[in-house]
């Protein structure tokens, strides 16, 4: 294999640049050229990109976002659009593709491989951490730390004014950010899409805390668990507590990736190149039990990643 391409697709995740850097430098080390595709699958269709050198990825390991940019492509969803992408790939002399992204990016890569035979290796990069086959996706650790940092700041105000704060975090279909950040941030309640909640039970816990002298409370709500605004209104109505709502939004995605995300991205990016050079044709990289692994891409997408119920129960116990 003489030339591979790398692209980032879907929502950006801190650590994507570290993964790009690893792909480029590992490939060049093995005498392989790397074509950096801009704007994801849209750029693949348009042939938008350039050959990368070692210097192309200098001083990016510490930066958030993605130097390759990212965009969603309606055109790539059609067979005609994917045929155009394949024609572009052939013109550029690309023999293998590394896709860095989340669930939607993985599905696009799988379909593209099935229709064209172009070898693909996917690297999980999504703050939602909802990709099966891997304990952690690139960007998740940074997002959790961003939320914990915000909760720490909110707690200062909550304590000073003796208030209850409802903090909405990202996670339309997945409660991983809410669970990890809520547990690490000492939240009194964590509401996630995977576990139905009883607002009355939430309020009873808050009242119990006040009776033992608590000056404030934090409730972390994943956006897919229900309306955080409605939770705040119900808490205020049922308890009489001064209750405020904070929606963290896209602040969770930004900033310098943590050391963990940089390390994860580096080893996954390097392994992706190794797999392509070894002849793998349609796989995803992952880390499980502390070990770097790879999985059949179709099998990964056929599964659903479940929340750690024991961790969720522990969060409930520690918040009594």
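Under the condition of being assigned to a strand (DSSP E or B) and within 26 Å of the chain's Cα centre (by Cα), which residue from the range 31-49 is surrounded by the most Cβ atoms within 10 Å (Cβ to Cβ)?
37
Looking at the range 73-91, which of its residues are buried (at least 17 other Cβ atoms within 10 Å of the Cβ) and outside any helix (DSSP H, G or I)?
73
Could you tell me whether residue 123 is outside any helix (DSSP H, G or I), under 14 Å from the mean Cα position of the chain (by Cα) and under 30 Å from residue 230 (Cβ atoms)?
no
From the list 127, 219, 190, 177, exactly one residue is buried (at least 23 other Cβ atoms within 10 Å of the Cβ), in the same structural domain as residue 283 (by TED's automatic domain parsing) and in contact (Cβ under 8 Å) with a residue 12 or more places away in the chain. Which is it?
So the residue among 127, 219, 190, 177 that is buried (at least 23 other Cβ atoms within 10 Å of the Cβ), in the same structural domain as residue 283 (by TED's automatic domain parsing) and in contact (Cβ under 8 Å) with a residue 12 or more places away in the chain is 127.
Scan the range 261-270 and give yes if some residue there is part of a loop (DSSP other than H, G, I, E, B), buried (at least 17 other Cβ atoms within 10 Å of the Cβ) and touching a helix residue (DSSP H, G or I) at 6+ places or on another chain (Cβ under 9 Å), otherwise no.
no
Name the one entry in 178, 158, 137, 187 that is in contact with a strand residue (DSSP E or B) (Cβ under 7 Å, 6 or more places away or on another chain) and closer than 20 Å to residue 19 by Cβ.
Just a single option satisfies the conditions, and that option is 137.
The values are calculated or read from the model by the stated rules, or taken from the named source; none is laboratory data. Quantities reported herein were computed from a predicted structural model and do not represent experimental measurements. As a convention, Cβ positions derive from the backbone with ideal geometry for all residues, glycine included, and neighbour counts pool all protein chains shown.
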